[in-house]
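S.K.: One structure, pasted below without further comment.
The values are calculated or read from the model by the stated rules, or taken from the named source; none is laboratory data. None of the values given here were measured: they were computed from a predicted structure. Positions of Cβ are backbone-derived with ideal geometry, glycine not excepted, and every protein chain shown enters the neighbour counts.
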Amino acid sequence: MSISFNNVQKTENFFIKTYGPKSPLLKYYFRSFLDFIGIQQPIEYYHSAKRLSFEAEVIELWRKFNLNAPKLIKRNKKSLFLSHISGRTISEIFQQKIDFKIVKCLFDDLNLRHQLAFKFQEPRLCHVDSNLRNILYADREIFHVDFEMGRIYEDTNRWAMREITKLLISLTDNLAHEKRVKLLKIFCNVYQEKQIIELIIKSKKNKRKNNSKEKYTLSNLVFDLSEVLNEN
């Protein structure tokens, strides 16, 4: 698992996000060099200045589509200055108890963005790093932060699949089976790009379900998604 040396500082008027390398440092610098000489790499391995530019472009793109992301107030060579979002992360909210009304909001947001992504063939409307710490709930709406992950050379299908799998595993991990099934049923009812769900299942269909109770894996998710779809 890589650790980012980005720094986020909160001031009275905005957040200042300053970009740094990621650990393990040897791997980061090696892959940054490969990107520099033209060998395509995931966005998280871009040089700091290039990651800054990419994230600024994504934030502006989301706001152009009226999607909820921080407002980009200004930028310099090392930092983005971003507006405050006065809410709590989904991770914080669900730490004690999952709220299925917020889950429904989350999937409505996902569905809307993916429909736009496919309509305009714009994969950056998918939020690949969709762990629950990067998603906030404020004023009964979903907001997203941190857009430094993805593969710009992949198509919209792949970006959508990456977001869905990361989001669903983040949501279902540590849930009891009954609540997990309920959550996946809500997802399958809300999400309209059914071909993406089928692609996720197909891409991992030959993997065995992990029966360990300690960790909910992609193979578990695919198995449960398939069961829920078959019931429908």
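S.K.: Looking only at the range 88-105, decide whether some residue is in the same structural domain as MET161 (by TED's automatic domain parsing), crowded, with 19+ Cβ neighbours inside 10 Å, within 19 Å of the chain's Cα centre (by Cα) and over 29 Å from GLU178 (Cβ atoms).
M.R.: For the range 88-105, residues in the same structural domain as MET161 (by TED's automatic domain parsing), crowded, with 19+ Cβ neighbours inside 10 Å, within 19 Å of the chain's Cα centre (by Cα) and over 29 Å from GLU178 (Cβ atoms): absent.
S.K.: Yes or no: the range 135-150 includes at least one residue that is more than 12 Å from the chain's Cα centre (by Cα) and basic (Lys, Arg).
M.R.: Scanning the range 135-150 turns up at least one residue that is more than 12 Å from the chain's Cα centre (by Cα) and basic (Lys, Arg).
S.K.: So, one more: Determine if the range 171-186 includes at least one residue that is modelled with pLDDT of 95 or more, within 16 Å of ARG113 (Cα to Cα), buried (at least 16 other Cβ atoms within 10 Å of the Cβ) and not β-branched (Val, Ile, Thr).
M.R.: No, that holds for no residue.
S.K.: Scan the range 176-196 and report the pairs whose first residue is farther than 14 Å from ALA160 by Cα and whose second residue is of a type in the set (Lys, Arg) and at pLDDT 95 or above, with Cβ atoms within less than 9 Å and a gap of 6+ or a chain change.
M.R.: The qualifying pairs are ILE186/LYS104; VAL190/LYS104.
S.K.: Pairs needed: first member in the range 200-219, of a type outside the set (Gly, Ala, Ser); second member anywhere, modelled with pLDDT under 60; C-beta distance under 7 Å; at least 6 residues apart or different chains.
M.R.: Short answer, once both residue conditions are applied: THR217/ASN210.
S.K.: Same structure, new question: Output the residue which, of all residues in the range 107-143 that are farther than 23 Å from GLU92 by Cα and of a type in the set (Lys, Arg), is surrounded by the fewest Cβ atoms within 10 Å (Cβ to Cβ).
M.R.: Among them, the one singled out is LYS119.
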